[in-house]
1. Of all residues in the range 136-178, count the ones that are touching an Asp or Glu at 6+ places or on another chain (Cβ under 7 Å) and of a type in the set (Gly, Ala, Ser).
2. Residues in the range 52-71 that are within 16 Å of the chain's Cα centre (by Cα) and either within 16 Å of Ala146 (Cβ to Cβ) or modelled with pLDDT of 95 or more (or both): how many?
3. Which numbered condition in (1) among the charged types (D, E, K, R); (2) in a loop (DSSP other than H, G, I, E, B); (3) on the phi < 0 side of the Ramachandran plot is the only one that Asp165 fails?
4. Look through Ala71, Ala161, Ala131, Ala154 and report the one residue that is open to solvent by less than 40 Å² (accessible area, probe 1.4 Å), touching a His at 6+ places or on another chain (Cβ under 9 Å) and either hydrophobic (A, V, I, L, M, F, W, C) or in contact (Cβ under 8 Å) with a residue 12 or more places away in the chain (or both).
5. Give Ser113, Ser45, Ser65, Ser82 a once-over and let me know the one that is surrounded by 16 or more Cβ atoms within 10 Å (Cβ to Cβ), farther than 27 Å from Arg157 by Cβ and polar (S, T, N, Q).
6. Could you run through the range 94-110 and say how many residues are open to solvent by 50 Å² or more (accessible area, probe 1.4 Å) and either assigned to a loop (DSSP other than H, G, I, E, B) or touching a Gly at 6+ places or on another chain (Cβ under 7 Å) (or both)?
7. What residue, of Gly93, Gly119, Gly144, Gly78, is touching a Lys or Arg at 6+ places or on another chain (Cβ under 8 Å) and small (Gly, Ala, Ser)?
8. I'd like the residue in the range 1-33 that is over 17 Å from the mean Cα position of the chain (by Cα) and in contact (Cβ under 8 Å) with a residue 60 or more places away in the chain and, out of all such residues, is least open to solvent (accessible area, probe 1.4 Å).
Amino acid sequence: MWLSPVTDVEPAAEPLLKAAVKEYLRIDDADDSFDGQLDDFITSSRAEVETWTGTRLITQTVTASADGWAAFQLLPVGPVQSVLSVKYIDTLGVEQTVDPEDYELIGNGLSRSIIPVLGKHWPTAAIRIDAVRVSLVVGYGTAGDALPSDVYFALQRLVRAKMDDRKLELIDLLVNHR
């Protein structure tokens, strides 16, 4: 069982540019009266989509902890770009780092796993809820143009809904990205 992933390094940018949102909302680019509000809506919309889908949209670093190696069969967040480290608490209570040569990232899209390479096996970890930990670089890319088009459009619609102070159901828009 995975604990909720923790963001270690926030994304360097948001997936939506303010100018693109203004164009979508038909706000004149020279009108800066909504800029602060738009910044907040863009950031909160990204966070809402990431929470709802379990994905990270823009490149960032996260750490996720689990109670054992079986959890590595399906990583709790994606899309995974790379694995920075795999650590565990051994049976003496000491944190250890698994040699990167001893495991590999497999799968694609949002279904990624970490498995031992052929001939290796996972070491014995302590029995505790956070016995194993993985540090990952996740996200579709460094800018919004790396997002799937339906995710990008859902973000724009979510910002519009926030501007109009109305609710938007994300389930129909993002059902394939959970």
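The values are calculated or read from the model by the stated rules, or taken from the named source; none is laboratory data. Not measured: the values here are computed from a predicted model. Every residue, glycine among them, receives a Cβ derived from its backbone with ideal geometry; neighbour counts consider all protein chains shown. For accessibility, only protein heavy atoms count, side chains too; no ligands or nucleic acids. Shrake-Rupley method; radii C 1.70, N 1.55, O 1.52, S 1.80 Å.
1. Going through the range 136-178 one residue at a time, the tally reaches 0.
2. Adding up the residues that qualify gives 12.
3. Result: Asp165 passes all but (3).
4. Answer to the selection: Ala154.
5. Selected residue: Ser65, the only one of Ser113, Ser45, Ser65, Ser82 that is surrounded by 16 or more Cβ atoms within 10 Å (Cβ to Cβ), farther than 27 Å from Arg157 by Cβ and polar (S, T, N, Q).
6. Counting residues in the range 94-110 that are open to solvent by 50 Å² or more (accessible area, probe 1.4 Å) and either assigned to a loop (DSSP other than H, G, I, E, B) or touching a Gly at 6+ places or on another chain (Cβ under 7 Å) (or both) gives 3.
7. When all the criteria are applied, what remains is Gly78.
8. Across the range 1-33, the extreme among qualifying residues is Val21.
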